[in-house]
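Trainee: Here it is: the structure, laid out below.
The values are calculated or read from the model by the stated rules, or taken from the named source; none is laboratory data. Quick caveat: nothing in here was measured; it's all calculated off a predicted structure. FYI the Cβ positions are ideal-geometry reconstructions off the backbone, even for glycines, and counts take in every protein chain you see. These area figures cover heavy atoms from the full protein model, side chains too; ligands, DNA and RNA do not enter into them. Shrake-Rupley method; radii C 1.70, N 1.55, O 1.52, S 1.80 Å.
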Amino acid sequence: MTALLWFAVSSCIFEDEGVCPETSVHIGFDWDTAYNAELPAGMAVLFYDSHSPDWWRFDVSSYGGYAALYPGTYSALSFNNDMSTAVVNGYDSSSTLFVTSRETRLADAATPSLKGAPPPRTSEEPVHAQPGTVYSASLDGDLALTGNTDVIFTPRRITPRYRIIFDNIVNASSAAEVSVGLSGMSAGIYMYTGVRSGACVTIPGRLGISGDIFDGELSSFGPAPENNGNLLSLYVWLLDGKKQVFTFDVSDTVGSAPPGADLTIRISGIKLPETHGTGGDMQVGVDNWEYVDIELKN
């Protein structure tokens, strides 16, 4: 306990003040309701003074720790501090604290050695990297702190995972590599309120090839509110150097899922041309992508 208290006090960040106060706040986490929680390496806990622009940050373990605050009234929230591709900004207030992911390219989901024209966009949206796993929690209402106290956060994962499966593929062995892009996804979430951003982005990802199945998983912040639909684009690099793109409207599937829920998108029966190339021509490649229109089968 002494070690945890020392760690929390020594790691605090307080705007406009150089000395940490001595009032002790015991921070705990209830992970029981987090969906398939994989405990993060640690959690950041932020307290915002309700009557001033001052705020505190403490970094503790995923099991909890201690903080030190002046008596007062605070809004408080927490998120995991081991994010890799997600980015947190808007620290000025609890209501503006926002998590998003960095911009990337559709081509970044494929092997860097693949040359030629990059995968074509099927929308004008920015392309954002998958955010990975983000947990977030906030206290209900303000915390009135008059002395030593306990606070319990109940984190939830705010980055649903989309399992994407293409099965019963005809001539699947003609594919050297495949990737996808999913459009109409939210650019991020305001963590204190849990409200998703209305800005739309496309999330790319790489799929594995196993027999007649292409399979993979995307993390996201869920669909953007009032988007113009969710298009799933499948990009296929063939062994003879040619490239094909298939586009599917999966708006009904994505939109029917509860907010924040994991989801499986399954599409069957696409047909690739039969080719017996070795993949060596892919380094030179054919620049043009061929768009293939087929009927969606879920």
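Trainee: List, please: which pairs have Cβ atoms under 8 Å, are six or more places apart or on different chains, and start with a residue in the stretch 211-229 that is over 29 Å from Ser173 (Cβ atoms) and end with one that is open to solvent by 60 Å² or more (accessible area, probe 1.4 Å) and part of a loop (DSSP other than H, G, I, E, B)?
Mentor: Gly222/Pro259
Trainee: Specify the residue that is nearest to Ala44 (Cα to Cα); the eligible residues are those in the stretch 155-172 that are open to solvent by 50 Å² or more (accessible area, probe 1.4 Å) and modelled with pLDDT of 95 or more.
Mentor: Arg163
Trainee: If Tyr190 meets every condition in (1) modelled with pLDDT of 95 or more; (2) open to solvent by less than 50 Å² (accessible area, probe 1.4 Å); (3) under 19 Å from the mean Cα position of the chain (by Cα) apart from one, which number is that one?
Mentor: (2)
Trainee: For the condition out of contact with any Pro (no Cβ under 8 Å at 6 or more places or on another chain) and over 17 Å from Ala129 (Cβ atoms), what is the one hit in Ala172, Ala224? Steps first, answer last, please.
Mentor: Working: Ala224 fails: over 17 Å from Ala129 (Cβ atoms).
Checking each option against the conditions leaves just Ala172.
Trainee: Please list, ordered by residue number, the strands (runs of 3 or more DSSP E) wholly in the stretch 201-283 having 1 or more residues that are surrounded by 22 or more Cβ atoms within 10 Å (Cβ to Cβ) and over 24 Å from the mean Cα position of the chain (by Cα). Please lay out each step first, then the result.
Mentor: Details: elements: 213-219, 231-238, 243-249, 263-268.
It comes to 231-238, 243-249.
Matching residues to (1) closer than 30 Å to Asp49 by Cβ; (2) without any contact (Cβ under 8 Å) to a residue 24 or more places away in the chain; (3) over 20 Å from the mean Cα position of the chain (by Cα):
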| site | (1), (2), (3) |
| --- | --- |
| Ala76 | yes, no, yes |
| Phe98 | yes, no, no |
| Arg102 | no, no, no |
| Thr159 | yes, no, no |
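Trainee: Can you name every residue in the stretch 129-142 that is open to solvent by 20 Å² or more (accessible area, probe 1.4 Å) and farther than 14 Å from Tyr192 by Cα?
Mentor: Answer for the stretch 129-142, where residues must be open to solvent by 20 Å² or more (accessible area, probe 1.4 Å) and farther than 14 Å from Tyr192 by Cα: Gln130, Gly132, Thr133.
Trainee: Are any residues in the stretch 104-128 modelled with pLDDT under 90 and either surrounded by fewer than 12 Cβ atoms within 10 Å (Cβ to Cβ) or within 30 Å of Leu77 (Cα to Cα) (or both), and if so, which ones? If you could, list the steps in order and put the result at the bottom.
Mentor: At the first step, the residues of the stretch 104-128 found to be modelled with pLDDT under 90 are 107-124.
Result: Pro112, Ser113, Glu124.
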